[in-house]
Amino acid sequence: MITNRSKDKIRRAVGTDMLTLYHPQEKDGTYNHHPQLCKFKGRVYAMWSNGKVDEDDPGQRVLYTSSKDGKNWEEPRVLMEPSPAEGVLMPAGFYVYGDVLRAYIGFFTYWDYLNTWAHENTTLLCVTTKDGATWEPPVDLGIRMSANQGPKAIRSGRLIMSGAIMFPYTDDPDGIHGWKLAGTDIWPRDPRYDDTQGCLTCAQKAGAPEVCEGSFYQTDDGVLHMLQRSYDKVLYVTESRDDGETWSPSVRTEFTDCGSKFHCGRLPDGRYYIVSNPDPGTPRCPLVLSTSRDGEDFDREYVIDDRFVALRYNGRCKRGIYGYPHSLVDGDRLYVICSVNKEDVHVYIIDLADIADDRERSPERG
């Protein structure tokens, strides 16, 4: 059972460098969320959604920026505007293959925006660049989903994309071709869709737990563990033992959560990690890095940030401080990006030596 409720759980603060990538004024669009990171040709790249006022407003676009050292960032630029203009764009992650950087972006429109938020025309787009500045026109992958995170290679080399209840896979390393659809037992084969509304509709029809926004890691036995956000103050998990072709029904874990997106990964020393908001009932604060030796018992927690930050601009669904973290392991550093009150974008740089798996150190609080 995946848990962070160990009797010997240790929580302590970890020192970080904190950078503000985006601090918008009202004219810039005060809704900023869904951040993603990657490394490409010696630079760290970040992208996020940028909306006028409210969450997922029609016209929401994607901004991006990059940095050579992770500390000095370029002025953000527009990566993609929705077409048609009343569409909504949501960053869905990066992927690097060869000398090409790929950025995946979910798209949908509303058929009843003001009353129901009902979505239509959901699809997944991909734009590419060789220099980080000039981007090719978007390619529609023909997958009716707004992916949660970009393609991630498993041990066999297969790429898997994390959705909510759909997890497409391909054996083509270019990350564009050969995608096949897979997902949990509540994923409807027809129509095939998985976005922020579609996944909840599927769960309600099936009488299943309402889960969304998955992120996975693979343990040494080959099992894929796709953790999922829920509304039950814990994460859920669905697992695959055939490299992502089939997935088990989603079940509760004992890993606590306040109801936010999160990101899973693995450190160079072999430990598994989750960056999340694990304290139930809080406004997505603190932001915490949890680590585990075996992929089950996450018994070390490192507080990345727990400072109160006041909301500057009102807007629909503008709740939660440190939201939707994503991470990047780069040499002896761990980068963590998140939105702050869904308006600012912060990046934290953690020295991996500061979170070495030293079982003899005393906790600051536990």
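A few remarks follow.
- Strands (runs of 3 or more DSSP E) lying entirely in the stretch 1-63 (those with 2 or more residues that are surrounded by fewer than 16 Cβ atoms within 10 Å (Cβ to Cβ), among the charged types (D, E, K, R) and in contact with a Pro (Cβ under 7 Å, 6 or more places away or on another chain)): none
- Comparison of G270, G323, G281, G295 shows that the only residue that is under 20 Å from the mean Cα position of the chain (by Cα), surrounded by fewer than 21 Cβ atoms within 10 Å (Cβ to Cβ) and in contact (Cβ under 8 Å) with a residue 12 or more places away in the chain is G295.
- Meets criteria (assigned to a loop (DSSP other than H, G, I, E, B) and modelled with pLDDT of 95 or more) for S248: yes
- Some residue of the stretch 65-84 being within 16 Å of the chain's Cα centre (by Cα) and in a strand (DSSP E or B): no
- Within the stretch 185-218, restricting attention to residues that are modelled with pLDDT under 90 and of a type in the set (V, I, T), the residue that is surrounded by the fewest Cβ atoms within 10 Å (Cβ to Cβ) is T201.
- Any hit, the stretch 211-222, residues being free of Cβ contacts under 8 Å to residues at least 40 places away in the same chain and touching an Asp or Glu at 6+ places or on another chain (Cβ under 8 Å): no
- Residue count for the stretch 280-308, restricted to those that are farther than 17 Å from N341 by Cα and outside any strand (DSSP E or B): 7
- Selection over the stretch 267-279 of residues that are assigned to a strand (DSSP E or B) and under 13 Å from I355 (Cα atoms) gives a count of 2.
- The listed residue being over 18 Å from L181 (Cβ atoms) and part of a helix (DSSP H, G or I), out of L227, L235, L200: L200
- Residues in the stretch 241-255 that are buried (at least 19 other Cβ atoms within 10 Å of the Cβ) and within 30 Å of I355 (Cα to Cα): T253, F255.
- Residue tally, condition part of a loop (DSSP other than H, G, I, E, B), among the charged types (D, E, K, R) and either touching a Cys at 6+ places or on another chain (Cβ under 8 Å) or closer than 30 Å to D242 by Cα (or both), over the stretch 112-168: 3
- Which numbered condition A208 misses (of (1) under 15 Å from R102 (Cα atoms); (2) part of a loop (DSSP other than H, G, I, E, B)): (1)
- Qualifying residue in the stretch 200-208 (condition: in contact (Cβ under 8 Å) with a residue 24 or more places away in the chain, in contact with a strand residue (DSSP E or B) (Cβ under 6 Å, 6 or more places away or on another chain) and not acidic (D, E)): no
- Some residue of the stretch 165-175 being touching a helix residue (DSSP H, G or I) at 6+ places or on another chain (Cβ under 9 Å) and acidic (D, E): no
The values are calculated or read from the model by the stated rules, or taken from the named source; none is laboratory data. Note that this is a predicted model, so its numbers are computed, not measured. Reconstructed Cβ throughout: ideal geometry from the backbone, glycine too, with neighbour counts over all protein chains shown.
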